[in-house]
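Asks: Once you've had a glance at the structure underneath, I'll fire off some questions.
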Amino acid sequence: MLMDTNKERSIGLGTSYKQDQMKEGECMISKDIAKNLALQEGDIMYLSLQMYQNLVSLIQMFNREVATPNELPLISVYSITLEEYLLKLEFRAESST
């Protein structure tokens, strides 16, 4: 989850994500992924993301499934810049509370 949970829900994205909204700077991975990456609590992981195609796909899906049926303005994919993002992630165990 890289975006604002509430904003995503308000435009019909991320509808299968049922957890509480994450705070700024948080991300979530499954226990299986953490195990496969041998991550322990406190570990730092760097993740390089090229978001261009992901954003284009999300915009196209929004335009097709949300904007067009509801007669909302379409979002242009031409406004997206081709950038690579480097994320620094600190792994923490899931809270039991």
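Asks: Pop a pseudo-label 7 angstrom from the Cα along the beta-carbon direction at both residue 56 and residue 74 and give the gap in nm to one decimal.
Replies: Reported label-point gap for residue 56 and residue 74 is 1.5 nm.
Asks: Cβ under 13 Å from residue 9's Cβ, residue 9 left aside: what net charge do those residues give with Lys, Arg +1 and Asp, Glu -1?
Replies: Neighbour charge sum, excluding residue 9 itself: -1.
Asks: Kindly write out, for region 55-64 in residue order, the coupling ³J(HN,Hα) from the Karplus curve 6.51 cos²θ - 1.76 cosθ + 1.60 (θ = phi - 60°), rounded to whole Hz, with x marking Gly and Pro.
Replies: 5, 4, 4, 5, 5, 4, 5, 4, 4, 6
Asks: Given a Förster radius of 25 Å and the C-beta distance between residue 45 and residue 11 as r, what FRET efficiency does 1/(1 + (r/R0)^6) yield to the nearest 0.05?
Replies: Calculated value: 0.30.
Each value in this text was obtained by applying a stated rule to the coordinates, not by laboratory testing. Remember, predicted model here, so these are calculated numbers, not experimental data. When we count neighbours, we look across all protein chains shown, and the Cβ atoms used for this are built from the backbone with ideal geometry, even at glycine.
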